[in-house]
1. Looking at residue 240, is it within 16 Å of ligand 1 (Cβ to nearest atom), of a type in the set (Ser, Thr, Tyr) and modelled with pLDDT of 95 or more?
2. Is there a residue being under 18 Å from the mean Cα position of the chain (by Cα) and more than 26 Å from residue 443 (Cβ to Cβ) anywhere in the range 236-252?
3. Among 105, 86, which is in contact (Cβ under 8 Å) with a residue 12 or more places away in the chain, near ligand 1 (Cβ under 9 Å from one of its atoms) and crowded, with 20+ Cβ neighbours inside 10 Å?
4. Somewhere in the range 290-298, is a residue touching a residue at least 24 places away in the same chain (Cβ under 8 Å), of a type outside the set (Gly, Ala, Ser), over 25 Å from residue 438 (Cβ atoms) and not assigned by TED's automatic domain parsing to the domain that holds residue 101?
5. So is residue 67 surrounded by fewer than 20 Cβ atoms within 10 Å (Cβ to Cβ) and either free of Cβ contacts under 8 Å to residues at least 60 places away in the same chain or away from ligand 2 (no atom under 16 Å from the Cβ) (or both) or not?
6. Suppose we filter 384, 417, 426, 413 for residues that are open to solvent by 40 Å² or more (accessible area, probe 1.4 Å), outside the structural domain of residue 271 (by TED's automatic domain parsing) and hydrophobic (A, V, I, L, M, F, W, C); which single one remains?
7. For the range 238-254, how many residues meet the condition of being crowded, with 24+ Cβ neighbours inside 10 Å, aliphatic (A, V, I, L, M) and more than 17 Å from residue 151 (Cα to Cα)?
Amino acid sequence: MNAVDLSLQNAAPAWRSSGGLASLGSRFGTALPPQAVPAPHWVARSEALADELGLSGWLDTPVALEVLAGSAVADGSRPFASVYSGHQFGVWAGQLGDGRALLLGEIETPAGAMELQLKGGGLTPYSRMGDGRAVLRSSIREFLCSEAMHHLGIPTTRALAVVGSPLPVRRESVETAAIVTRIAPSFVRFGHFEHFAHHDQHAALRVLADFVIDAHYPICRDAVNPYAALLEAVARRTATLLADWQAVGFCHGVMNTDNMSILGLTIDYGPFGFLDGFDPGHVCNHSDHQGRYAYARQPNVAMWNLHALAQALLPLIAGDGEVAEATSELALEALEPYRTLFPATLEARMRAKLGLATAQDDDRALIDDWLKLLASERTDFTIAWRRLGTWTPADPSAVRDLFIDRAAFDAWAGRYALRLAAEGSADADRRRSMDRVNPKFVLRNHLCENAIRAAQAGDFAETHRLLKVLERPYDEQVEASAYADFPPDWAQQLEVSCSS
Ligand code: AMP
Ligand code: MG
């Protein structure tokens, strides 16, 4: 750590007077203070993130609890709720916005400028029928999964802390309130662009796009058409994000355009889930009756969402002229890389998961047939991949025993053995490299549920323990092996709805 980092350590957040979405002004949202939750207490804090951002000392102070509970506004922080719109479940939903999220402002950190956001900080002009609150249950889910995804190496908004409160919050039943502090370079969503496009507010649309380009995609500024370049850059990030999700068996659950990050981050953790048994049709959101956001459909949904973003950017791509056929062609061209980059990235991820060091023509079939094998028996996705790393022709049992149809496994394993031999693969090296990409620990629903139930009873130790395990998902952590077990039978009955 250099001297500058040390000077930031333990300091209060260094709020930037300009920068962040709030600096764009009142067309983009409303400045307002948070509404404090009563009797706040810490539920969880991410020490790893606090360290990265130089906030660990501050986080130990009573002031931090007040700021993150919404009862105090730090000097230099300018709380702001932003307006956006979006398509929900494929249908135009009109105006949405930060109904319970509140940007506190942008801070300077050793990792660059970051926006801080409270989720559950009270009513805003965009709360619609909602109460502006989030419950403890969903806040712990968001907190743990944000950090788990980051440590898996998947782009995501981060979560610094959860503050709890006895404030009653009505959902299907009465629960208690909590506030998650989220951190990201930007929380701008596809829906922000759709909002201004829908209202034909092209000047504001341009301000927003210029802001995003200047702060996050400066290279697009040099392109012949910076807005088409922005669209392409977002399409590329989204493509690799989706490949990352698919490779770890992550289902977002509510891929509405208002839940799509312009930075290609995983954002808005609601009814998400990691696959237990492999089922490509798995729907993790109990309220998603059509299965629109099923695991295997996510990559196509992302493309659908990118089309919605493209539509919103058309007036900017057209420049001073009318939106013409040539404009649409330019936009479609900008999306085209998604079609090649997503499958190519996923294939690369899958090759690495198989421990293949080279790329061969038949790899696609080897990957597909492995996945078919897993699907045919609903074999546990995480365990199967992790155990495949231990597989050798002489000692196949750990993974082979996962299958009822041993002959089917043996037939596939025979091809795998030939493929490995063809590239002169060494088992020990292969296992090491596979262990770096096939996590032993993911945030399975039942693990999260255990942490939530304990927290609801006032015991936050399990949330902290689970966080610590999830911070090292690729390490063996023998002492934590229970967290890598098959899910218990009761996990199948867990239903995750949109209610949060
Ligand atoms: P979500 O489905 O969580 O992505 O939320 C969709 C929209 O509903 C966003 O504009 C949220 O801000 C808003 N929203 C969700 N829950 C609440 C709530 N309890 N109070 C106010 N707004 C909410
Ligand atoms: Mg949302």
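The values are calculated or read from the model by the stated rules, or taken from the named source; none is laboratory data. If you're wondering where the values come from, they're calculated on a predicted model, not measured in any experiment. Here Cβ is always computed from backbone atoms with ideal geometry, including for glycine, and neighbour counts include all displayed protein chains. Please note that ligands, DNA and RNA were not included when accessible areas were found on the heavy atoms of the full protein model with its side chains. Shrake-Rupley method; radii C 1.70, N 1.55, O 1.52, S 1.80 Å.
1. Considered against the rule, which asks whether it is within 16 Å of ligand 1 (Cβ to nearest atom), of a type in the set (Ser, Thr, Tyr) and modelled with pLDDT of 95 or more, residue 240 comes out as no.
2. yes
3. 86
4. Looking through the range 290-298, at least one residue is touching a residue at least 24 places away in the same chain (Cβ under 8 Å), of a type outside the set (Gly, Ala, Ser), over 25 Å from residue 438 (Cβ atoms) and not assigned by TED's automatic domain parsing to the domain that holds residue 101.
5. no
6. Selected residue: 426, the only one of 384, 417, 426, 413 that is open to solvent by 40 Å² or more (accessible area, probe 1.4 Å), outside the structural domain of residue 271 (by TED's automatic domain parsing) and hydrophobic (A, V, I, L, M, F, W, C).
7. Final tally of qualifying residues: 1.
Residue-wise test of (1) in contact (Cβ under 8 Å) with a residue 60 or more places away in the chain; (2) over 21 Å from residue 150 (Cβ atoms); (3) among the charged types (D, E, K, R).
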{"position": "440", "(1), (2), (3)": "no, no, yes"}
{"position": "443", "(1), (2), (3)": "yes, no, no"}
{"position": "468", "(1), (2), (3)": "no, no, yes"}
{"position": "473", "(1), (2), (3)": "yes, no, no"}
{"position": "477", "(1), (2), (3)": "no, no, no"}
{"position": "482", "(1), (2), (3)": "no, yes, no"}
{"position": "494", "(1), (2), (3)": "no, yes, no"}
